[in-house]
Amino acid sequence: MTQTVGIIGVGHVGAAVAAALTLRGSVGKLWLVDRQDAKAQAEALDLMDQNALLDKHTAIEAFSYDSDWHQLAECDIVVLAAGDISLLGGEHPDRFAELRNSVHVAQDVAPRLRASGFAGVLLNITNPCDVVVTYLQRLTGWAPNRIFGTGTTLDTARMQKAVATALGCNMADVTGYVLGEHGESQFTAWSTVRVAGQPIQALATAQGLSLPDFKEQARMGAWQILAGKGFTAYGIGLSATVMIEAMLADSHRALAVSAYDPALKCYIGQVARLGATGIMSVVSLPLTAEEGVQRERSAASIQHMLATIPV
């Protein structure tokens with residue numbers, strides 16, 4: 001059976017996901033939907049130009065935003081990447097401005113997806129990721145395991161890069177997680193971080209390095225990119241692609257995604273195993289007391305934004 005992925009919103013991020021899936025030959029069919037039909041069609045044509053140069057062929061098609069949502073019923077996974085990053089502003093980003101727009105996106109997309117007959121997994125990238133995916137789950141009523149967000153997987157990668165750069169090691173040797181909100185209240189669970197199996201705290205102490213500096217570099221990674229080019233795309237595009245591949249392969253790979261927490265009644269960045277039906281299980285990490293407090297603060301930030309959404 002041909003594996004099919006749909007992408008709603010093919011701006012910078014949606015297009016990056018589509019390009020990564022095509023270049024890696026991850027799917028047999030790729031369906032693109034955007035409010036601007038011409039944009040979706042142009043992206044499809046541009047991606048199709050690559051097929052003659054690739055070892056694997058991907059069937060790519062763009063559909064009308066107003067009339068063709070029934071096509072998404074064929075999809076195993078649908079990615080929501082719609083949004084307007086310009087609303088964040090410049091030096092002083094306004095996440096609430098982005099949230100107001102994203103709420104309208106969710107209110108438009110959720111009923112269309114429900115009516116389409118789509119029965120697969122919905123992966124949300126639209127920011128604020130944890131808030132939007134919580135709202136989408138409420139609007140769709142779908143089981144929490146078949147809808148989740150990209151969460152802090154990219155933030156985790158940025159932490160790995162910061163640590164590897166400071167220690168002069170390979171990024172693949174850095175393991176561990178950034179958890180909580182994909183946003184200002186995210187935190188690095190340093191108790192989980194290892195470098196070639198060695199606890200980061202011991203290495204940092206021995207070399208006189210500051211863990212808070214690593215945390216700040218990871219947190220500010222997106223803002224540095226935004227300041228220079230106005231958007232981020234490649235990192236989050238590949239993060240989503242890795243999650244899609246994990247689900248299509250039913251690999252049960254553990255990643256720091258935005259998964260539902262019944263106790264908090266919201267989605268939050270935590271480690272979960274991904275498989276064919278979405279979230280297979282959440283991994284309970286033994287956080288320190290300080291990390292537990294940071295998680296609570298992060299959850300409060302998400303819940304604060306959720307409380308501003310009209311019921």
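The values are calculated or read from the model by the stated rules, or taken from the named source; none is laboratory data. As the structure is a prediction and not an experimental result, all values here were calculated from the model. Methodologically, a virtual Cβ is constructed for each residue, glycine included, from the backbone with ideal geometry; neighbour enumeration extends over all protein chains shown.
Things to note:
One line per residue, one yes/no per condition, for (1) in the same structural domain as L255 (by TED's automatic domain parsing); (2) within 20 Å of the chain's Cα centre (by Cα):
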residue: R138; (1), (2): no, yes
residue: W142; (1), (2): no, yes
residue: N170; (1), (2): yes, no
residue: Y177; (1), (2): yes, yes
residue: A189; (1), (2): yes, yes
residue: I225; (1), (2): yes, yes
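- Going through (1) modelled with pLDDT under 95; (2) surrounded by 22 or more Cβ atoms within 10 Å (Cβ to Cβ) one by one, F231 falls short only on (2).
- Residue tally, condition buried (at least 19 other Cβ atoms within 10 Å of the Cβ) and either free of Cβ contacts under 8 Å to residues at least 60 places away in the same chain or in a strand (DSSP E or B) (or both), over region 276-311: 2
- Put simply, of S67, S102 the only residue that is on the phi < 0 side of the Ramachandran plot, among the hydroxyl-bearing types (S, T, Y) and buried (at least 23 other Cβ atoms within 10 Å of the Cβ) is S102.
- All told, A97 meets the bar of being surrounded by 13 or more Cβ atoms within 10 Å (Cβ to Cβ) and at pLDDT below 85.
- Scanning region 212-222 for residues that are surrounded by fewer than 15 Cβ atoms within 10 Å (Cβ to Cβ) and under 24 Å from P286 (Cβ atoms) gives a single hit, P212.
- The residue that is surrounded by the most Cβ atoms within 10 Å (Cβ to Cβ), counting only those in region 235-266 that are in a strand (DSSP E or B) and within 12 Å of the chain's Cα centre (by Cα), is S258.
- Listed here are the helices (runs of 4 or more DSSP H) enclosed by region 104-212 that have at least 2 residues being charged (D, E, K, R) and at pLDDT below 95: 153-167.
- Just one residue in the set T308, T288 is in contact with a Phe, Trp or Tyr (Cβ under 9 Å, 6 or more places away or on another chain), farther than 25 Å from L123 by Cβ and hydroxyl-bearing (S, T, Y); that residue is T288.
- The test for being of a type in the set (G, A, S) and either closer than 30 Å to T2 by Cα or in a strand (DSSP E or B) (or both) does not hold for G228.
- Meets criteria (without any contact (Cβ under 8 Å) to a residue 12 or more places away in the chain, of a type in the set (A, V, I, L, M) and either under 30 Å from L248 (Cα atoms) or surrounded by 16 or more Cβ atoms within 10 Å (Cβ to Cβ) (or both)) for A204: yes
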